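Student: To start, I am sharing the structure in question, which I have written as structure tokens.
The values are calculated or read from the model by the stated rules, or taken from the named source; none is laboratory data. Not measured: the values here are computed from a predicted model. Neighbour counts are summed over all protein chains in view; Cβ atoms, including those assigned to glycine, are modelled from backbone coordinates with ideal geometry. With ligands, DNA and RNA removed, areas are computed over all heavy atoms of the protein, side chains included. Shrake-Rupley method; radii C 1.70, N 1.55, O 1.52, S 1.80 Å.
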Amino acid sequence: MTATACRNSSGPISSAAAETNAEVKEALLWAAQEMLRSGLVEGTAGNVAARMSDGNVALTPSSLDYLEMG
């Protein structure tokens, strides 16, 4: 997953390989669910974040079970 956009001194630059916001969010949710399945977190503990190609950041919400997200 390429969750961070390439940057230069003037800010984010576009790339043909850049993922869409929907793809970044999908990968973020998969990573959060995998952390739960792997036992790295319990219940609703822990947050995961990823930077999208437009420079915004997607975060998992607090107190929401990753398996209920989708």
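Student: Out of all the residues in the range 22-69, which are touching a residue at least 40 places away in the same chain (Cβ under 8 Å) and in a helix (DSSP H, G or I)?
Tutor: Of the residues in the range 22-69, the ones touching a residue at least 40 places away in the same chain (Cβ under 8 Å) are 29, 50-55, 69.
The one that is touching a residue at least 40 places away in the same chain (Cβ under 8 Å) and in a helix (DSSP H, G or I): Leu29.
Student: Within the range 48-70, take every residue that is over 8 Å from the mean Cα position of the chain (by Cα) and open to solvent by 90 Å² or more (accessible area, probe 1.4 Å) and give me the one that is farthest from Ala27 (Cα to Cα).
Tutor: Ser63
Student: Which of the residues belonging to the range 45-70 are modelled with pLDDT under 90 and of a type in the set (Ser, Thr, Tyr)?
Tutor: If the condition is that a residue be modelled with pLDDT under 90 and of a type in the set (Ser, Thr, Tyr), then Ser53, Ser62, Ser63, Tyr66 are the ones that fit.
Student: Does Glu19 qualify as being among the acidic types (Asp, Glu), part of a loop (DSSP other than H, G, I, E, B) and modelled with pLDDT under 85?
Tutor: yes
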